[in-house]
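Below: the structure, in C-alpha coordinates.
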Amino acid sequence: MITRIFDAPPSMVYRAWSQPELFQRWWLPKSVSGISLVSCEMDVRTGGKYRLEFGTGGSDTMAFYGKYLEVVPNERIVWTNDEGEEGAVTTVTFEEQDGKTLLHFHEVYPSREALEDAIEGSAVALPEQLDQLDELLASMGG
(Lines give C-alpha, C1' and ligand atoms only; values in the text may rest on other atoms or scores of the structure.)
Protein backbone atom coordinates (compact mmCIF):
# COMPACT_ATOMS: atom_id res chain seq x y z
CA MET A 1 0.00 0.00 0.00
CA ILE A 2 1.30 3.40 -0.99
CA THR A 3 -0.43 6.68 -0.18
CA ARG A 4 0.30 10.09 -1.60
CA ILE A 5 -1.38 13.50 -1.60
CA PHE A 6 -1.67 15.41 -4.87
CA ASP A 7 -2.47 19.11 -5.07
CA ALA A 8 -5.35 18.53 -7.48
CA PRO A 9 -8.98 17.49 -7.12
CA PRO A 10 -9.88 13.79 -7.46
CA SER A 11 -11.54 14.38 -10.84
CA MET A 12 -8.25 15.63 -12.30
CA VAL A 13 -6.16 12.82 -10.78
CA TYR A 14 -8.70 10.26 -11.99
CA ARG A 15 -8.47 11.69 -15.53
CA ALA A 16 -4.68 11.26 -15.45
CA TRP A 17 -5.20 7.57 -14.61
CA SER A 18 -8.05 6.94 -17.04
CA GLN A 19 -7.37 8.95 -20.21
CA PRO A 20 -4.68 7.35 -22.41
CA GLU A 21 -3.37 10.70 -23.71
CA LEU A 22 -2.65 11.79 -20.11
CA PHE A 23 -1.65 8.39 -18.71
CA GLN A 24 1.11 7.89 -21.26
CA ARG A 25 2.63 11.25 -20.31
CA TRP A 26 3.55 10.07 -16.81
CA TRP A 27 3.44 6.26 -16.50
CA LEU A 28 6.85 5.30 -17.99
CA PRO A 29 9.65 6.37 -15.62
CA LYS A 30 11.99 8.87 -17.29
CA SER A 31 14.97 7.07 -15.74
CA VAL A 32 14.27 4.03 -17.94
CA SER A 33 16.34 4.94 -20.97
CA GLY A 34 15.89 3.44 -24.40
CA ILE A 35 12.34 2.18 -23.75
CA SER A 36 9.17 3.95 -24.80
CA LEU A 37 5.47 3.36 -24.43
CA VAL A 38 4.62 2.49 -28.04
CA SER A 39 0.94 1.69 -27.48
CA CYS A 40 -1.55 2.67 -24.80
CA GLU A 41 -5.05 1.25 -25.14
CA MET A 42 -7.38 1.83 -22.19
CA ASP A 43 -11.13 1.23 -21.97
CA VAL A 44 -11.51 2.40 -18.37
CA ARG A 45 -14.89 1.07 -17.31
CA THR A 46 -15.99 -1.96 -15.31
CA GLY A 47 -15.41 -4.90 -17.65
CA GLY A 48 -13.16 -2.87 -19.97
CA LYS A 49 -9.62 -3.88 -20.91
CA TYR A 50 -6.22 -2.23 -21.20
CA ARG A 51 -3.00 -3.02 -23.02
CA LEU A 52 0.29 -1.15 -22.66
CA GLU A 53 3.15 -2.02 -25.00
CA PHE A 54 6.72 -0.97 -24.34
CA GLY A 55 9.55 -1.20 -26.84
CA THR A 56 13.06 -0.15 -27.71
CA GLY A 57 12.29 1.01 -31.24
CA GLY A 58 12.51 -2.39 -32.93
CA SER A 59 9.84 -4.98 -33.47
CA ASP A 60 10.26 -6.55 -30.03
CA THR A 61 7.79 -5.20 -27.51
CA MET A 62 6.70 -6.18 -24.03
CA ALA A 63 3.00 -5.96 -23.21
CA PHE A 64 1.17 -5.43 -19.94
CA TYR A 65 -2.55 -6.03 -20.09
CA GLY A 66 -5.62 -6.91 -18.09
CA LYS A 67 -9.17 -5.96 -17.34
CA TYR A 68 -10.91 -3.42 -15.17
CA LEU A 69 -12.83 -5.18 -12.40
CA GLU A 70 -14.36 -2.04 -10.92
CA VAL A 71 -14.39 1.57 -12.04
CA VAL A 72 -16.12 4.32 -10.08
CA PRO A 73 -15.26 7.62 -11.79
CA ASN A 74 -13.28 10.03 -9.60
CA GLU A 75 -13.21 7.48 -6.75
CA ARG A 76 -11.73 4.07 -7.59
CA ILE A 77 -10.13 1.91 -10.30
CA VAL A 78 -9.45 -1.82 -9.80
CA TRP A 79 -7.67 -3.84 -12.47
CA THR A 80 -5.95 -7.15 -13.09
CA ASN A 81 -2.42 -7.63 -14.36
CA ASP A 82 -2.88 -10.64 -16.66
CA GLU A 83 0.49 -10.87 -18.43
CA GLY A 84 1.55 -13.77 -16.18
CA GLU A 85 0.15 -16.28 -13.73
CA GLU A 86 1.58 -14.29 -10.82
CA GLY A 87 -0.15 -11.03 -11.76
CA ALA A 88 -1.52 -8.74 -9.09
CA VAL A 89 -4.88 -7.08 -8.66
CA THR A 90 -4.30 -3.35 -8.32
CA THR A 91 -6.63 -0.87 -6.63
CA VAL A 92 -6.22 2.89 -6.82
CA THR A 93 -8.56 5.15 -4.86
CA PHE A 94 -8.94 8.92 -5.07
CA GLU A 95 -10.12 10.56 -1.83
CA GLU A 96 -10.92 14.27 -1.68
CA GLN A 97 -9.20 16.16 1.16
CA ASP A 98 -9.62 19.94 1.21
CA GLY A 99 -9.41 20.28 -2.57
CA LYS A 100 -6.51 17.85 -2.82
CA THR A 101 -6.47 14.12 -3.52
CA LEU A 102 -5.30 11.42 -1.17
CA LEU A 103 -4.37 8.57 -3.46
CA HIS A 104 -4.13 4.99 -2.19
CA PHE A 105 -2.30 2.49 -4.42
CA HIS A 106 -2.68 -1.12 -3.30
CA GLU A 107 -1.66 -4.38 -4.97
CA VAL A 108 -2.56 -7.94 -3.96
CA TYR A 109 -0.36 -10.75 -5.27
CA PRO A 110 -1.25 -14.45 -5.51
CA SER A 111 1.94 -15.55 -3.73
CA ARG A 112 4.81 -14.27 -1.60
CA GLU A 113 7.20 -15.01 -4.49
CA ALA A 114 5.17 -12.82 -6.85
CA LEU A 115 5.20 -10.01 -4.29
CA GLU A 116 8.96 -10.27 -3.83
CA ASP A 117 9.51 -10.22 -7.60
CA ALA A 118 7.39 -7.05 -7.86
CA ILE A 119 9.27 -5.36 -5.03
CA GLU A 120 12.52 -6.00 -6.90
CA GLY A 121 11.02 -5.00 -10.27
CA SER A 122 8.18 -2.70 -11.18
CA ALA A 123 7.40 -1.47 -7.66
CA VAL A 124 10.80 0.22 -7.53
CA ALA A 125 9.65 2.63 -10.26
CA LEU A 126 6.38 3.67 -8.59
CA PRO A 127 7.76 6.64 -6.58
CA GLU A 128 9.25 8.10 -9.77
CA GLN A 129 6.00 7.49 -11.66
CA LEU A 130 4.02 9.30 -8.95
CA ASP A 131 6.51 12.21 -9.05
CA GLN A 132 5.89 12.42 -12.81
CA LEU A 133 2.13 12.34 -12.19
CA ASP A 134 2.56 15.23 -9.76
CA GLU A 135 4.42 17.20 -12.44
CA LEU A 136 1.70 16.49 -14.99
CA LEU A 137 -1.05 17.60 -12.61
CA ALA A 138 0.84 20.84 -11.87
CA SER A 139 1.11 21.52 -15.60
CA MET A 140 -2.66 20.98 -15.90
CA GLY A 141 -3.30 23.65 -13.29
CA GLY A 142 -4.02 21.26 -10.41
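Does residue 92 satisfy being surrounded by fewer than 14 Cβ atoms within 10 Å (Cβ to Cβ), modelled with pLDDT of 90 or more and within 16 Å of the chain's Cα centre (by Cα)? Can you show your working first?
Working: surrounded by fewer than 14 Cβ atoms within 10 Å (Cβ to Cβ): no; modelled with pLDDT of 90 or more: yes; within 16 Å of the chain's Cα centre (by Cα): yes.
When the stated conditions are applied, residue 92 does not pass them.
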Subject >> Index of the failed condition, residue 85 passing every other in (1) farther than 18 Å from residue 129 by Cα; (2) acidic (Asp, Glu); (3) at pLDDT 95 or above >> reply: (3)
Subject >> Exclusive hit being in contact (Cβ under 8 Å) with a residue 12 or more places away in the chain, surrounded by fewer than 15 Cβ atoms within 10 Å (Cβ to Cβ) and not polar (S, T, N, Q), set 118, 63 >> reply: 63
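Please state which one of 43, 98 is farther than 18 Å from residue 129 by Cα and surrounded by 13 or more Cβ atoms within 10 Å (Cβ to Cβ). Give the derivation first.
Numbers: 98 fails: surrounded by 13 or more Cβ atoms within 10 Å (Cβ to Cβ).
Only one candidate passes the filter, namely 43.
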Original post:
Assuming residue 61 fulfils every condition listed in (1) within 26 Å of residue 75 (Cα to Cα); (2) modelled with pLDDT under 95; (3) more than 16 Å from the chain's Cα centre (by Cα) apart from one, which condition is it?
Top reply: (1)
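The values are calculated or read from the model by the stated rules, or taken from the named source; none is laboratory data. What you are looking at is a predicted structure, and each value in this text was computed from that prediction instead of being measured. All Cβ positions, even for glycine, are placed from backbone atoms using ideal geometry, and neighbour counts span all protein chains on display.
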